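Asker: Here's a structure for you.
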Amino acid sequence: QIKTTQHMTNLVLFGPPGAGKGTQANFLKEKYDLVHISTGDVFRYNIKNETALGMLAKSYMDKGELVPDKVTIDMLSAEVEKNADANGFIFDGFPRTNAQASALQELMQSKDSEINAMIALEVEDSILIERLLERGKTSGRSDDADESIIANRIKEYYSKTAILKDYYSDQNKYFGVDGVGSVEEITARLSKVIDTL
Ligand code: B4P
């Protein structure tokens, strides 16, 4: 059987910092045979390897700010192109702004495909802060180490990212899922949504 791009399943995993997007994407990519692209992970890989992109991204991430759109969109597009034969993608941490959402729509259209769903993990702020501070004890991530940086990441989320709920709701593609519970329970909740697509 010839695989055509129309049969791709493309998901956006959404939610505030520390909601568990990366944690859940790691399970879902295996279960549904999708390529997982985490913009945060790609930036951290570049920081570790001291690339020009990494140095630029670090200057924003260390303050809990979003990396500029153009840089992020170019990087994401390159990651998608690297995986031209994928069954579909899980986008984790992208889009985070209106400009990124428009760019993603165009990119998917250029592949005769689309985003099928945005699934949001809903977690209250006090739990997010607790999780990120806990991870900061061992992760070595400078953006998890300090409560004021974490607060800034959450502020960036509400001012620039949360609005994307409307973008996907208007297309009837938004699904909210309770992000509090065990990792397994949350995977089951997400799977229930994905299985209806
Ligand atoms: P990300 O790497 O996307 O980081 P995140 O928001 O912290 O991650 P996530 O929600 O995936 O949380 P996780 O599963 O790890 O972004 C980092 C930075 O990169 C941004 O601040 C920004 O500067 C930059 N960036 C990334 N994408 C960008 C974009 N598109 N545009 C511009 N800038 C961008 O979970 C967090 C913790 O919770 C973990 O310790 C985990 O073990 C724990 N946890 C998970 N599920 C749990 C559960 N059910 N119960 C208890 N704990 C749980």
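Asker: Could you list all residues from the range 88-106 that are surrounded by fewer than 18 Cβ atoms within 10 Å (Cβ to Cβ) and not small (Gly, Ala, Ser)?
Answerer: 98, 105, 106
Asker: Would you confirm whether any residue within the range 131-140 is of a type in the set (Asp, Glu), within 10 Å of the ligand (Cβ to nearest atom) and within 15 Å of the chain's Cα centre (by Cα)?
Answerer: No, there is no match, as no residue in the range 131-140 is of a type in the set (Asp, Glu), within 10 Å of the ligand (Cβ to nearest atom) and within 15 Å of the chain's Cα centre (by Cα).
Asker: In this structure, does residue 28 turn out to be touching a residue at least 12 places away in the same chain (Cβ under 8 Å), outside any loop (DSSP other than H, G, I, E, B) and more than 10 Å from the ligand (Cβ to nearest atom)?
Answerer: For residue 28, the condition - touching a residue at least 12 places away in the same chain (Cβ under 8 Å), outside any loop (DSSP other than H, G, I, E, B) and more than 10 Å from the ligand (Cβ to nearest atom) - is met.
Asker: Can you tell me which residues in the range 159-190 are loosely packed, with under 14 Cβ neighbours inside 10 Å, free of Cβ contacts under 8 Å to residues at least 60 places away in the same chain, more than 13 Å from the ligand (Cβ to nearest atom) and not small (Gly, Ala, Ser)?
Answerer: Matches in the range 159-190: 166, 170, 171, 172.
Asker: Continuing with this model, one more query. If you check residue 142 against the conditions, is it surrounded by fewer than 18 Cβ atoms within 10 Å (Cβ to Cβ), farther than 23 Å from residue 61 by Cα and among the hydroxyl-bearing types (Ser, Thr, Tyr)?
Answerer: no
Asker: Under 8 Å between Cβ atoms, at least 6 apart or on separate chains: pull out the pairs that start in the range 59-78 with a residue that is among the charged types (D, E, K, R) and end on any residue that is in a loop (DSSP other than H, G, I, E, B) and near the ligand (Cβ under 8 Å from one of its atoms).
Answerer: 69/97
Asker: Right, something else. Which members of the range 1-27 meet the condition of being at pLDDT 95 or above and surrounded by fewer than 20 Cβ atoms within 10 Å (Cβ to Cβ)?
Answerer: Within the range 1-27, 22, 23, 26, 27 qualify.
Asker: When you go through (1) closer than 18 Å to residue 22 by Cα; (2) touching a residue at least 12 places away in the same chain (Cβ under 8 Å) one by one for residue 197, which number turns out not to apply?
Answerer: If we test residue 197 against (1) closer than 18 Å to residue 22 by Cα; (2) touching a residue at least 12 places away in the same chain (Cβ under 8 Å), just (1) comes out false.
Asker: If you scan the range 37-55, which residues turn out to be more than 11 Å from the ligand (Cβ to nearest atom) and either outside any helix (DSSP H, G or I) or aliphatic (A, V, I, L, M) (or both)?
Answerer: Passing the criteria: 49, 50, 51, 52, 53, 55.
The values are calculated or read from the model by the stated rules, or taken from the named source; none is laboratory data. Since the structure is predicted, the reported quantities are computational estimates derived from the model, not experimental observations. Glycine gets a Cβ as well: all are built from the backbone with ideal geometry, and neighbour counts include every protein chain shown.
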